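Peer 1: What follows is a structure written as structure tokens; I'll ask about it next.
The values are calculated or read from the model by the stated rules, or taken from the named source; none is laboratory data. As the structure is a prediction and not an experimental result, all values here were calculated from the model. Reconstructed Cβ throughout: ideal geometry from the backbone, glycine too, with neighbour counts over all protein chains shown.
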Amino acid sequence: MKRNLSLFVWVLLSVVFLQDCKKELKGSEEDALLLSALAETNDAVCNVSSNGTSIGTVTAIQATGVSLYLTGTALGTYTVAAARAPGLTTAKTITFHNLPASGVTLRAYSGSVCSFDLTNPVVASTSAITSSSSSGTTIYTIFTPGDYFFSVTAVSNAAGALIGNITVSIE
């Protein structure tokens with residue numbers, strides 16, 4: 001009887017221990033999937049040109065449900081930042097906060113290829129996306145589902161210095 005009780009306790013402890021290991025493994029798998037998803041969607045390189053001539057690249061952050069700061073890159077006389085928002089659905093909004101009162105141009109593009117010309121932009125049509133602006137905030141509303149990216153361009157040093165204060169989020 002004593003031996004059966006010891007065997008029962010050993011089996012019970014083994015089962016409890018193995019269940020904890022399974023839970024730990026499941027958590028590790030979930031963490032790995034989350035890290036993998038973040039790595040895939042974090043950054044993209046946008047090709048930037050002026051009058052058809054390449055002037056460099058900028059790293060585009062991926063807009064998410066969390067407010068993220070833009071990172072400006074100096075390209076000649078411009079400071080440029082970009083954000084991409086793939087897979088947007090109808091009625092989603094993309095909000096830019098802390099835009100300077102002047103000296104900054106914000107444009108929306110449809111498509112998954114992050115490439116744009118600062119002087120000859122081909123922007124998303126107004127039937128696909130609309131915008132409204134008020135005191136440092138611009139909100140884009142999606143009408144046509146798809147991939148979009150946004151450029152923020154400053155043509156002055158003062159405005160360029162403020163690009164890092166701009167945040168973007170999807171709601």
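Peer 1: Please find, within segment 149-160, the residue that is farthest from S67 (Cα to Cα) out of those that are among the small types (G, A, S) and part of a strand (DSSP E or B).
Peer 2: Per the stated criteria, the residue is A154.
Peer 1: When you go through (1) modelled with pLDDT under 90; (2) crowded, with 18+ Cβ neighbours inside 10 Å one by one for A85, which number turns out not to apply?
Peer 2: With (1) modelled with pLDDT under 90; (2) crowded, with 18+ Cβ neighbours inside 10 Å applied to A85, the lone miss is (1).
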